[in-house]
Structures are given as C-alpha cells and as structure tokens.
Amino acid sequence: MGEAPAFCFDNLQNGFGLKPKGLETSADVGDKTFVIGGADNDSTSYIGVKIYDKSTGKWVIPTVLGTKPKACKGHSAILLNEDRIMIIIRGSTPDDCIWFFEVDTKYVKEQRKILGTEVVAWSRGVRGDAEKPVVISGPSGVGKGTLINMLMKEFPSMFGFSVSHTTRAPRGNEKNGVHYHFTDRSVMEKDIKDGKFLEFASVHGNLYGTSIEAVEAVADSGKRCILDIDVQGARSVRASSLDAIFIFICPPTMGELEERLRARGTEAEEQILKRLRNAEAEIEQGKSSGIFDHILYNDNLEECYENLKKVIELKCHPAPKGIDLPSNHSVSKIDNKILINCETPELEKASKNLIALDVSSLKGGAPGRTRGLNVYALDSFSDGLNEKLS
Ligand SMILES: Nc1nc2c(ncn2[C@@H]2O[C@H](COP(=O)(O)OP(=O)(O)O)[C@@H](O)[C@H]2O)c(=O)[nH]1
Ligand SMILES: Nc1ncnc2c1ncn2[C@@H]1O[C@H](COP(=O)(O)OP(=O)(O)O)[C@@H](O)[C@H]1O
C-alpha cells in the first residue's frame, strides 16, 4: 500500500500561488490547475470551475459538460489519475454525494476537439454495476417502437425511454417530450455545437439526436435506458463511453417491411419510398458493421419480443443504494481506495468510522454515469482494517 499522495486535499491547497477562496478545491494535472467550487454569501458552493494554465499564466473558463452537482456546503477533491478527479460532496443525499470531474478522459479530449475550447465534464458516481442501457436500431417500420412499447408496458419501473430530439414534424399521435422533443433545426444545431448531444445523425432528411440530458434523466429515475436510434447514431454511441447492449432488428423480407410501413399509415408516399430506399443500406450496415451485439428478426412479434428479453439479460435486482456520508469527514487515498473517515461528535474520541470507496473497477463516465464504484465500511480501530459491510 502506498502513501496518500500529495494531491489529495480538503478545501484549497495553496501550493501554486492561488488565493484560497471560500469553498474551493484545486488539483494539478500536468500544466493545468483545476479550481473547483467557489463560495457565495450563504457559504454554499456553486461548484463553478476555472483552470489556471501554468504554461501561459492565464485563467481559462472551460465549457462544462454533463449535469453538475447541486450547490453544497463544501466538497473534497481527490485526483484519481491524470484524467479525472473524484469529488465528494458534503451534506448531500446518499445518491448524490460521489461525483467524477473529468479533465482529460477520451470523451473530454473528443469534445475539446469538436468544440475548439477547453472542456471538462461531470459524471455522477453510481454504486455497483447499474444495468447497461439498451440501444435498438433497425429500418423504419421494422417494429422497434412496437417492441420498445411492449418492454416498457411489461416492466414500467425497470425501463425508461431516452426521448430524442428531432427536426421532423410530429405524427398525429405523437406528443412533444414523450415520443420526441420536436425542435427547430437552428436550435438543435446550436445545442449540438454546445456539446449537449451524446450523438446525432441526419436520417431520412431530418436531424435526430440523443441529448446527454435525455440519457441522464432516465438514469436519475433509477431506470435502465432504452435508445431507439439509427445505425449512424449506434456507431457514435459505440465509440462513446456509454457501455450499452446494441441490438439490430431486421425485417423478415423487404416486402414485409414495405407492408408494415404502408399499413402504419403515418408517412406520405414520398417518405415511404425514401425510408425503403434507406432500409437496404441500414440492414447491410446493421448486419456487417460489427456495431451490434445481437441481430433479431422481427417476423413473429411475440417470438421476437421473447428473444429481445433474453438478450438484454433481464435481472430484477433493485437499484444500488447510495452512500450515507456524514457532513464531517476527512478523505485520503491509498492505492485504488479512497478512505473516508467519518467523524461524529459521539464517536470522535472512542472510534471513527471508515468507509472505503474502491475505484479499481470504474466503468462508463461522462456523458453518462460512472459505474462500478464499490463501497464498504471498515472498522479502523480493530486489528487491522476489518471489513464490516459489503
Ligand atoms: N441517430 C439517431 N437516430 C434516431 C434518434 N431518434 C430516432 N432515430 C432514428 O431515426 C429513424 C427515424 O425515426 P422516426 O422518424 O421516428 O421513424 P420510424 O423509425 O419509422 O418510427 C429511426 O431509424 C430511428 O431509430 C436519435 O436520437 N438519434
Ligand atoms: N412482427 C410484426 N408483425 C407484423 N406487424 C408488425 C410486427 N412488428 C411491428 N409491426 C407493425 O409494423 C408497423 C411498424 O412498427 P413500428 O414499431 O412503428 O416500427 P419502427 O418503430 O421500427 O419504425 C406498426 O404498425 C406495427 O404494429
């Protein structure tokens, strides 16, 4: 076991000529010093971010992606490695106290290139392995929506639909915010430029995209996210940090696909022809691109639905619990473990409760949650560090 490194701190370490300001913390990564937090009048921290670039001697306000933690009474920051900082929020709720502040992950690097600005990203930490989101693709009219509706109806508390944005006009039965967020192209293009989308693609002449918020809203409700997106979108998600199961739905024949599309009666002739023309290329890519983990044929609906349930590995285990941390604690890091020393007035002299966060198996990350956080309690004053709970 190694020593707690020098870059682990509570509140501001003033080792590089910066003035401590209220509830700020900071961490040095390469040439940059990331300063997180900042106090306002009632001494709650609004978790702002600024970067001091030591090579230029200038301060930079970065583009901050992802949903950030709520204002709080303070936080601790621990540099995990050269790409992310763990932030422990004080006095927060059990499901909202562990966050990851990404400063140089693959996602941050990509977004930095796309946006042409300094970028950082927040990702909320989740205990254990939440179940993987499910990405469903397939040509128009193959039955994706029908299968997803069946799943949501049978397991309403288990699955949540990622509501995409689109520039296409709503169909008669479609509700804004439920089936899609119907939006103007100029608004959507600006949001894409601002890094608000996990992926986007031009499909059948319209723009479609999954906002980071859409996926996070489902995760926040404790449900498993289902995405209905085209093959280009699936490819982008595959390349992102979202660890998902990818399923492609094929029609039994092109003739049957045309029949379903016509029978649905939602598209004008020109759109039907466009969708059928695009279907051949989509099926070709779906089968050959290596993006998809499973290819299902939707011939008999019930059979296809049963197969879908098999491949997404339905497990009915409850959502993992959060971590109950008292406001008063100190934090240190030993190897891949973050030790949180919880000090309560009654226990202060006699004993201290130690909580260990094991960060050796982290998965995912911005723009989604960071999963794989393992938590257990230790008794610090028994022989060695005995594990109490797991
Ligand atoms: N890339 C991407 N594709 C999407 C998104 N939302 C929907 N799509 C795809 O856009 C295509 C057209 O969707 P839609 O207009 O609802 O028609 P439908 O497939 O006939 O129901 C389908 O292949 C959807 O999977 C999204 O957020 N991103
Ligand atoms: N296995 C199936 N057999 C016959 N019709 C189907 C089957 N699956 C779906 N459908 C019908 O085909 C049409 C297109 O399905 P839909 O779910 O809207 O497709 P998608 O979302 O892929 O565009 C709908 O009218 C639906 O009821």
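The values are calculated or read from the model by the stated rules, or taken from the named source; none is laboratory data. This is a predicted model, so every value here is computed, not measured. Positions of Cβ are backbone-derived with ideal geometry, glycine not excepted, and every protein chain shown enters the neighbour counts. To get the accessible areas, we keep the full protein, side chains included, count just its heavy atoms, and leave off ligands, DNA and RNA. Shrake-Rupley method; radii C 1.70, N 1.55, O 1.52, S 1.80 Å.
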Would you check if there is a residue in the stretch 273-281 being aliphatic (A, V, I, L, M), under 19 Å from residue 205 (Cα atoms) and touching a Cys at 6+ places or on another chain (Cβ under 7 Å)? no
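For a quick check of your reading: which strands (runs of 3 or more DSSP E) sit entirely within the stretch 175-281 and have at least 2 residues that are at pLDDT below 95 and under 25 Å from residue 126 (Cβ atoms)? Let's see the steps before the verdict.
Working: elements: 180-182, 197-203, 206-211, 224-228, 245-250.
Qualifying strands (runs of 3 or more DSSP E): 197-203, 224-228.
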Quick test of your reading of the structure: residue 158 fulfils all but one of (1) under 20 Å from the mean Cα position of the chain (by Cα); (2) within 30 Å of residue 119 (Cβ to Cβ). Name the failing condition by number. (2)
Scan the stretch 262-271 and give yes if some residue there is open to solvent by 70 Å² or more (accessible area, probe 1.4 Å), touching a helix residue (DSSP H, G or I) at 6+ places or on another chain (Cβ under 7 Å) and within 16 Å of ligand 1 (Cβ to nearest atom), otherwise no. yes
Considering every residue within the stretch 169-181, establish whether at least one is within 11 Å of ligand 1 (Cβ to nearest atom), basic (Lys, Arg), within 26 Å of residue 270 (Cα to Cα) and surrounded by 15 or more Cβ atoms within 10 Å (Cβ to Cβ). no
Please identify the pairs in which a residue from the stretch 240-268 that is not assigned by the TED database to the domain that holds residue 298 has its Cβ atom under 9 Å from the Cβ atom of a residue that is in a helix (DSSP H, G or I), counting only partners at least 6 apart or on another chain. none
Cβ-Cβ below 7 Å, separation at least six or inter-chain, first residue in the stretch 130-143 and at pLDDT 95 or above, second aromatic (Phe, Trp, Tyr) and within 13 Å of ligand 1 (Cβ to nearest atom): which pairs? 135/246; 137/248; 138/248
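Return the only residue of 88, 148 being open to solvent by less than 10 Å² (accessible area, probe 1.4 Å) and within 30 Å of residue 283 (Cα to Cα).
From the options 88, 148, the qualifying one is 148.
Tally up the residues in the stretch 285-327 that are at pLDDT 90 or above and either surrounded by 12 or more Cβ atoms within 10 Å (Cβ to Cβ) or of a type in the set (Asp, Glu) (or both), please.
Residues of the stretch 285-327 that are at pLDDT 90 or above, as a first pass: 285-288, 290-312.
Narrowing the set further to residues that are either surrounded by 12 or more Cβ atoms within 10 Å (Cβ to Cβ) or of a type in the set (Asp, Glu) (or both) leaves 285-287, 291-299, 301-309, 311-312.
Summing the residues that are at pLDDT 90 or above and either surrounded by 12 or more Cβ atoms within 10 Å (Cβ to Cβ) or of a type in the set (Asp, Glu) (or both) in the stretch 285-327 gives 23.
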Picking from 195, 233, which residue would you name as being within 17 Å of residue 111 (Cα to Cα), open to solvent by less than 10 Å² (accessible area, probe 1.4 Å), more than 16 Å from ligand 2 (Cβ to nearest atom) and of a type outside the set (A, V, I, L, M, F, W, C)? 195
Tell me, yes or no, whether the stretch 203-224 has at least one residue that is open to solvent by 10 Å² or more (accessible area, probe 1.4 Å), within 16 Å of ligand 2 (Cβ to nearest atom) and without any contact (Cβ under 8 Å) to a residue 24 or more places away in the chain. no
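Considering only the stretch 99-121, I want to know if a residue exists there that is open to solvent by 40 Å² or more (accessible area, probe 1.4 Å) and within 16 Å of ligand 1 (Cβ to nearest atom).
For the stretch 99-121, residues open to solvent by 40 Å² or more (accessible area, probe 1.4 Å) and within 16 Å of ligand 1 (Cβ to nearest atom): absent.
Answer yes if at least one residue in the stretch 178-192 is within 13 Å of ligand 2 (Cβ to nearest atom) and farther than 17 Å from residue 227 by Cα, and no otherwise. I'd like the intermediate steps shown before the answer.
Filtering the stretch 178-192 for residues within 13 Å of ligand 2 (Cβ to nearest atom) gives 179-180.
Next, from what is left, pick out any that are farther than 17 Å from residue 227 by Cα: none.
No: the stretch 178-192 contains no residue that is within 13 Å of ligand 2 (Cβ to nearest atom) and farther than 17 Å from residue 227 by Cα.
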Here's a check for you: in the stretch 122-145, which residue that is more than 18 Å from the chain's Cα centre (by Cα) and hydroxyl-bearing (Ser, Thr, Tyr) is surrounded by the most Cβ atoms within 10 Å (Cβ to Cβ)? 137
